[in-house]
1. Just want the answer: with Cβ charges of +1 for Lys and Arg and -1 for Asp and Glu, which residue in Leu101, Gly122, Leu187 is farthest toward the dipole's positive end in the range 2-199?
2. Please identify which residues in the range 87-105 have an amide N closer than 19 Å to a label point set 7 Å out from the Cα of Ile121, following the Cα→Cβ vector.
3. Roughly how far apart, in whole Å, are the Cα centres of the range 295-351 and the range 1-64?
4. As an exercise, identify the trypsin sites (Lys or Arg not before Pro) in the range 23-127 lying in DSSP coil whose Cβ has no more than 14 other Cβ atoms within 10 Å.
5. Between Gly283, Gly368, Gly116, which gets the highest mean-square fluctuation from a Gaussian network model of the chain, Cα cutoff 10 Å?
6. Length gain on complete extension for the stretch Glu274 to Glu103, per 0.36 nm per residue less the alpha carbon to alpha carbon distance?
7. Residue-wise, which Karplus ³J(HN,Hα) couplings in Hz belong to the range 188-195, taking 6.51 cos²θ - 1.76 cosθ + 1.60, θ = phi - 60°, and x for glycine or proline?
8. Taking the DSSP beta bridges in the chain as the whole, what percent of them are antiparallel, to the nearest 5?
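Just so it is clear, none of the values below were taken in a lab; they were calculated from the coordinates. Predicted model only: the values in this text are computed from it and were never measured. Note: ideal-geometry Cβ built from the backbone for every residue, glycine included; neighbour counts use all protein chains shown.
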Amino acid sequence: MSQEIQRVKEVYNQHFTDPPVIVTSPGRVNLIGEHTDYNDGFVMPAAIDKVIVLAMSKNDSNKIEAYSVDMDEKYSADLSRDLEEPDLHWAKFFKGIVSELSERGISTGGFNVVFGGNIPIGSGLSSSAALEGGILLGLSELFDFELSRIEMARVGQLTEHNHVGVRCGIMDQFANLHGESGVALKLDCRSLEFERIPFNRDDIQIVLCNSKVSHNLASSEYNVRREQCEAGVAVLKKYYPDISNLRDVSIDMLRAHEQELDELIYMRCKFVIEENERVLRAGEYLENDDFEEFGQQVYASHYGLSNEYEVSCEELDILVELAKGQPGVLGARMMGGGFGGCTINFVEQTAVKAFTDHITTAYKEKTGIDTEIYITRISEGTHLN
């Protein structure tokens, strides 16, 4: 992490002279609970030690002057004019956040920012939420405005909805801003209340295997799945007028009206309802230090994501199957929006080397693709350095 800070500071000093505010903003994993957040359900994310670092300062030009170290790209925008839609994808986050803050009556002056990090893009580790959280905390420090961490998470979410074109839930932003070392967050996405679930076993490692199949949520089936859930709720609402989304629906309620639902809609709704139940059970198992039963919930989650919600892909399924047969692997599943990205694997410390060697070799044999493996630990949320 300190290497990333040093790298970004060095590049900042090549472009700007004012002393910067330094912000470290983490990626996140989600232990279990996928595609439940936009259904007002439960999730269990945690911040990790893969980060984006931002070096930021005020300027007198009333412009955003931003530079991406990793992309070697610049973005400049005049805040005294209506902000145009940026051509660069990452620049949409800066434009979007400034616009969303303005909607809340918060105006920033011009600012400089240089950023870079080690969160693999398109891997399902929420580099976008890390960028949002980092920008917001940096701007609040520079321009001395007060937003709670919850409000920052909402601004990040609305930035994605209104400026990036992804109708995401709030899990990624919440985990980025509220993460704590050694703790997963069992989050109620309706009330935004959360419980701290201990995850600090030194003998169990979180290992991420990157399928190297890149995905883009805005152009994927993500928004389609959300619409399918809403379609299911619309039918069920005729019989249960008090429900507002799948969070309010039990599996018995769903089964009672199976014949009235399109087969695909039924399957999507079934997955979400059962995934919520898995999150609650998983939390109980972790609190009781029962990692074997926790791992079974993780495997069941992948089965549902692959066969019922149909957001997995051949490469992710291969990675999970390869993990299943390995000694010391307690659970494995695809993680994130789907159609690529990473699997999350819970592996006994003593088995990690054999596991990574096996996955690297066997995945290459089966797919012709070189996987990337990240051994991570649960870490602190977005913070100033």
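1. Checking the options against the dipole of the range 2-199, the answer is Leu187.
2. 87-97
3. With the range 295-351 and the range 1-64 each reduced to a Cα centre, they are spaced 27 Å.
4. Working: sites: Arg28, Lys50, Lys58, Lys63, Lys74, Arg81, Lys92, Lys95, Arg104; in loops: Arg81, Arg104.
Those satisfying the criteria are Arg81, Arg104.
5. Among Gly283, Gly368, Gly116, the largest mean-square fluctuation in the Gaussian network model of the chain belongs to Gly368.
6. Using 0.36 nm per residue and subtracting the Cα-Cα distance, I get 57.8 nm.
7. After applying 6.51 cos²θ - 1.76 cosθ + 1.60, I find 8, 6, 7, 8, 6, 7, 9, 10 Hz.
8. Details: 50 of 55 bridges.
Percent antiparallel among DSSP bridges in the chain is about 90.
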